[in-house]
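Undergrad: The following block contains the structure, expressed as structure tokens.
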There are 2 protein chains.
Amino acid sequence: MAETASRLTPHRYGSRPTMKDVAGRAGVGLKTVSRVVNGEPGVTPDTERRVQEAIDALGFRRNDSARVLRKGRTASIGLVLEDLADPFYGPLSRAVEEVARAHGALLINGSSAEDPDRERELVLALCARRVDGLVVIPASGDHRYLAPEMAAGIATVFVDRPPGQIDADVVLSDSFGGARDGVAHLIAHGHRRIGFIGDQPRIHTATERLRGYRAAMADAGLPVHDAWVSLGSTAPTRVRAAAETMLGGAEPVTAVFAGNNRVTVTVVRVLASPASLASPARPVALVGFDDFELADLLRPGVTVIAQDAARLGRAAAGRLFARLDGDAGAPEHTVLPTRLIARGSGELPPTTP
Amino acid sequence: MAETASRLTPHRYGSRPTMKDVAGRAGVGLKTVSRVVNGEPGVTPDTERRVQEAIDALGFRRNDSARVLRKGRTASIGLVLEDLADPFYGPLSRAVEEVARAHGALLINGSSAEDPDRERELVLALCARRVDGLVVIPASGDHRYLAPEMAAGIATVFVDRPPGQIDADVVLSDSFGGARDGVAHLIAHGHRRIGFIGDQPRIHTATERLRGYRAAMADAGLPVHDAWVSLGSTAPTRVRAAAETMLGGAEPVTAVFAGNNRVTVTVVRVLASPASLASPARPVALVGFDDFELADLLRPGVTVIAQDAARLGRAAAGRLFARLDGDAGAPEHTVLPTRLIARGSGELPPTTP
DNA sequence: TAGGGCCTGGACAACGTTGTCAGAACGGGA
DNA sequence: TCCCGTTCTGACAACGTTGTCCAGGCCCTA
């Protein structure tokens, strides 16, 4: 009777019952409740039952803030990335979460929106919450602000891009090699005038991929005109303008290498648009960095340099928990290979204008 | 000198300096440090400077766990969804994060993987951390377990699907109306035999969309054969089999309505595959629920019922923070409209086999 | 039946912060 | 010179949990 009533009328609105309340109701000591809640041994079945009843009746739920304060570990890790809505980061984020879950940790994440200040603010907020560790996709080029935190014991792994000004565990895809392979693929199919459209130059992967492009061109003894290279925002208008410029100049390119999935998608749109300088009679070849859903269903299918976002996430989270489990070795730099997936757009032959 | 040294050798590895340490070093009281850290008034500039120097020297960072314990609010909200990697949830999640950020809160999120037990486990873990509020995309059909938490003051908003067995704020898209419109669109283009492939029947949106399908068929006086309706997992193999069955039966459908973006993509693949029962000579019309990237670039473009995931997220987070700001009104049920985007696949005429 | 060991339960301090409250220092006016 | 008011500062308790440590009761054996 009384039990039913109190089940429906909790302790007090907004202020939850504590172990003390449970102990009082069950007629046992505080520590005994703690033991029951944490499944520690040393409680007779009868006592345990009484405590459990009190817990259910009061709707008690352990306050993890207090627990964390006492124990020092939060069983949570932070993930800072650029944009949760980017299809590249979804699987990465998911993979990190899976690993965290396997280690009994929760994931707190935030988007930096490619803004260094916001990255810093987010990271420090996570440190203030005393996350056990951090997985960071850097937006800034200077991570010295993290050094004291790392020294204080917050394990940190960088992924997709290396940290700036400090040394730390990092997991990358082979941007340089991938881009070089992709451009070499275009060259192998006869292209000589190839354009490169990439992300902003302060982003490490963008410059690495550009470096790969230049290496492939140099390996083939091909010149690179300034007008063929464009780094900048991945906003569709910017990318569209860049594509139209290199397709329409005095020395128009016959193929484009797109620096990431955002760029690739926009280039596909440009090439497909009726007003495009490309046409069925004069197709433009395309290879993009990053695979994306439906790339195979477009006509022609889009040839890509695929990186495995989930694997990046798993590898990074794996490093992180290895650190949390006591690995104190030197920072590890992991580079995962990329894979060229030929689907047609990279195999189009060049046509003279 | 001494300062430089201590900057590089923090207090002790793994155990960070506290306000007490800062106070000791600055030669002030504990509370004064607290005042400086929180920007409270009543500290002379000189004292503030001394404290700030000590903070910098020691690498002090406030421990939010202790703060939360004392203050009762965590400035964090939880988001439980099905799968972070699903392109539908990316923008939703991002929108929730934006709103949270605007309110100074961090976002903790977890994937339920469509598993009711996992949902419950996640939600309760978040409650134990005393998140201020929860945004939940339900995987389970019974949320009575949440009632005590909500009574204890954890604001909760459900989004995309309604909660089970309890009443609470909820933000939905108009699944019924959207599906009905989509099927009506196919009927308007001459189709009489239309198939429906949807998600598992325990998912609310799946059954609502099926209901919309049936309503449109009934409105047009068309019969629905059992073989034309298939609910189940969105795994490609299952969807593929379902599609092939309804395309190949005694009364083959001439159009398919796909219940969500996962299904749509697989159906597109089936229809595009060379072995398909569809062919250029006998195209099959398609309308899908949910818009998706590149839908416009496929040939034919895929006609969809678009829902605005970001808007769902914003609306849900908006409700949540309204609750946290004191709104104690009755639970609100918000239904956002959907929009048909015609791109070609829904406008194909029926062909007799 | 007494003594020893084991098992169960509880009192208490500590974690790092913030709110309360009172005391100290300082300046100005009588 | 003294007193009062204002401003700044610090001591202390409290938040809810867990770890330490000790007390009491039980069972077993001699």
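The values are calculated or read from the model by the stated rules, or taken from the named source; none is laboratory data. This structure is a prediction, so every number in the text was calculated from the model and none was measured. With ideal geometry, Cβ positions are generated from the backbone for all residues, glycine too; neighbour counts draw on all protein chains shown. For accessibility, only protein heavy atoms count, side chains too; no ligands or nucleic acids. Shrake-Rupley method; radii C 1.70, N 1.55, O 1.52, S 1.80 Å.
Undergrad: May I ask you to verify whether B:VAL68 is within 17 Å of A:ILE108 (Cβ to Cβ), surrounded by fewer than 24 Cβ atoms within 10 Å (Cβ to Cβ) and among the hydrophobic types (A, V, I, L, M, F, W, C)?
TA: Here the answer is yes, as B:VAL68 does meet what is asked.
Undergrad: Another question about this same structure. Do you know which of the residues in segment A:293-311 that are surrounded by fewer than 22 Cβ atoms within 10 Å (Cβ to Cβ) and within 9 Å of chain B (Cβ to nearest Cβ) is nearest to A:ASP160 (Cα to Cα)?
TA: Checking each candidate, the answer is A:ALA310.
Undergrad: For B:GLY42, are the conditions met, namely being on the phi > 0 side of the Ramachandran plot, within 16 Å of DNA strand D (Cβ to nearest atom), modelled with pLDDT under 90 and not assigned by TED's automatic domain parsing to the domain that holds B:ILE203?
TA: yes
Undergrad: Ok, one more. Tell me which residues, restricted to segment B:47-64, are open to solvent by less than 80 Å² (accessible area, probe 1.4 Å) and near DNA strand D (Cβ under 9 Å from one of its atoms).
TA: Correct list: B:THR47, B:VAL51.
Undergrad: In addition: Name every residue in segment A:73-84 that is touching a strand residue (DSSP E or B) at 6+ places or on another chain (Cβ under 8 Å) and either more than 10 Å from chain B (Cβ to nearest Cβ) or surrounded by fewer than 22 Cβ atoms within 10 Å (Cβ to Cβ) (or both), in order of residue number.
TA: Answer for segment A:73-84, where residues must be touching a strand residue (DSSP E or B) at 6+ places or on another chain (Cβ under 8 Å) and either more than 10 Å from chain B (Cβ to nearest Cβ) or surrounded by fewer than 22 Cβ atoms within 10 Å (Cβ to Cβ) (or both): A:ALA75, A:ILE77, A:VAL80, A:LEU81, A:GLU82, A:ASP83.
Undergrad: Within segment A:99-120, track down each residue that is in contact with a strand residue (DSSP E or B) (Cβ under 9 Å, 6 or more places away or on another chain), open to solvent by 50 Å² or more (accessible area, probe 1.4 Å) and more than 8 Å from every other protein chain (Cβ to nearest Cβ).
TA: The answer is A:HIS103, and nothing else.
Undergrad: Let me ask you something else. Take segment A:26-39 and flag every residue that is open to solvent by less than 60 Å² (accessible area, probe 1.4 Å) and near DNA strand D (Cβ under 9 Å from one of its atoms).
TA: A:GLY29, A:VAL33, A:SER34, A:VAL37, A:ASN38
Undergrad: Can you pull out the helices (runs of 4 or more DSSP H) entirely within segment B:199-317 that have at least 2 residues that are within 26 Å of A:ASP83 (Cα to Cα)?
TA: B:261-272
Undergrad: Filter segment A:121-142 for residues that are more than 13 Å from every other protein chain (Cβ to nearest Cβ), among the β-branched types (Val, Ile, Thr) and in a loop (DSSP other than H, G, I, E, B) and give the result.
TA: Listed by number, the list holds a single entry, A:ILE137.
Undergrad: Does B:LEU69 qualify as being within 8 Å of chain A (Cβ to nearest Cβ) and near DNA strand D (Cβ under 8 Å from one of its atoms)?
TA: For B:LEU69, the condition - within 8 Å of chain A (Cβ to nearest Cβ) and near DNA strand D (Cβ under 8 Å from one of its atoms) - is met.
Undergrad: If I go through segment A:312-324 residue by residue, how many of them are crowded, with 24+ Cβ neighbours inside 10 Å and within 19 Å of A:GLY153 (Cβ to Cβ)?
TA: 4
Undergrad: Do we have any residue at all in segment B:187-197 that's closer than 30 Å to B:GLY313 by Cβ, buried (at least 24 other Cβ atoms within 10 Å of the Cβ) and in contact with a helix residue (DSSP H, G or I) (Cβ under 6 Å, 6 or more places away or on another chain)?
TA: yes
Undergrad: Which residue pairs have Cβ atoms under 7 Å apart, sit 6 or more places apart or on different chains, and have a first residue in segment A:114-140 that is closer than 20 Å to A:ASP325 by Cα and a second that is among the basic types (Lys, Arg)?
TA: A:CYS127/B:ARG61; A:ASP132/A:ARG73; A:GLY133/A:ARG323
Undergrad: Shifting gears a bit: Just to check your reading of the model, which residue among B:ALA168, B:ALA151, B:ALA128 is modelled with pLDDT of 95 or more, over 20 Å from B:PRO201 (Cα atoms) and surrounded by fewer than 24 Cβ atoms within 10 Å (Cβ to Cβ)?
TA: After applying the criteria, what remains is B:ALA168.
Undergrad: Return the pairs, sorted by first residue and then second, in which the second residue is near DNA strand C (Cβ under 7 Å from one of its atoms), the first residue lies in segment B:30-45 and is without any contact (Cβ under 8 Å) to a residue 60 or more places away in the chain, the beta carbons are less than 7 Å apart, and the residues are 6+ apart or on different chains.
TA: What qualifies is B:LEU30/B:MET19; B:LEU30/B:LYS20; B:VAL33/B:MET19; B:SER34/B:MET19; B:VAL37/B:ARG62.
Undergrad: Another question about this same structure. Inside segment B:22-33, can you point out the residues that are within 8 Å of DNA strand C (Cβ to nearest atom) and either more than 43 Å from the chain's Cα centre (by Cα) or more than 14 Å from chain A (Cβ to nearest Cβ) (or both)?
TA: B:LEU30, B:LYS31, B:VAL33, listed by residue number.
Undergrad: Sticking with this one: B:ARG61 passes all but one of (1) closer than 21 Å to A:THR74 by Cβ; (2) more than 15 Å from DNA strand C (Cβ to nearest atom); (3) over 27 Å from the mean Cα position of the chain (by Cα); which number fails?
TA: Among (1) closer than 21 Å to A:THR74 by Cβ; (2) more than 15 Å from DNA strand C (Cβ to nearest atom); (3) over 27 Å from the mean Cα position of the chain (by Cα), the lone unmet condition for B:ARG61 is (2).
Undergrad: Checking the condition more than 13 Å from chain A (Cβ to nearest Cβ), charged (D, E, K, R) and within 21 Å of B:MET246 (Cβ to Cβ), which residue from B:ARG192, B:ARG161 passes?
TA: Result of the check over B:ARG192, B:ARG161: B:ARG192.
Undergrad: Give me the pairs: first residue in segment A:64-86 and among the charged types (D, E, K, R), second residue part of a helix (DSSP H, G or I) and open to solvent by 40 Å² or more (accessible area, probe 1.4 Å), beta-carbon distance under 8 Å, and six or more apart or on different chains, which are they?
TA: Listed by first residue and then by second, the contacts come to A:ASP83/B:ARG94; A:ASP86/A:ARG262.
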